[in-house]
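> Here it is, the structure, as structure tokens.
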Amino acid sequence: MGIIAWILIGLLAGLIAKALMPGRDPGGIIITTLIGIAGGLLGGWLGKVIFGVDSIDGFFDLSTWIAAIVGSVILLALYRLVTGNRHSHRHA
């Protein structure tokens, strides 16, 4: 797949992950896209390592989307874990 396809999958997977895990996050659409792209790569890698399958086959393959969304949810949770405490404290 080309870079445009990865960006599109990343954007959509990031938005789906955000919809599955609503809440306030630091960052905007760019962070969501980057998390989605990295999540797609992470999901594909995990699918290969854990299940021994090539889960990033093509743009319209269901396995590609599932891997990207699962990876995006994982990365979004990690992102919130790392950055959440920094932004939730109020200074008196």
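> Hey, can you tell me all the residues within the stretch 58-85 that are open to solvent by less than 40 Å² (accessible area, probe 1.4 Å), assigned to a loop (DSSP other than H, G, I, E, B) and either under 22 Å from I29 (Cβ atoms) or at pLDDT 75 or above (or both)?
Passing the criteria: none in range.
> Moving on. With respect to S55, is the statement that it is buried (at least 20 other Cβ atoms within 10 Å of the Cβ) and modelled with pLDDT under 75 true?
So S55 fits the description; yes.
> Are any residues in the stretch 9-28 in contact (Cβ under 8 Å) with a residue 12 or more places away in the chain, open to solvent by 40 Å² or more (accessible area, probe 1.4 Å) and part of a helix (DSSP H, G or I), and if so, which ones?
L11, L12, L15, I16, K18, L20
The values are calculated or read from the model by the stated rules, or taken from the named source; none is laboratory data. Model, not experiment: these values are computed from the prediction. Reconstructed Cβ throughout: ideal geometry from the backbone, glycine too, with neighbour counts over all protein chains shown. When the accessible area is computed, the model is the full protein with side chains, heavy atoms only, and any ligands, DNA or RNA have been set aside. Shrake-Rupley method; radii C 1.70, N 1.55, O 1.52, S 1.80 Å.
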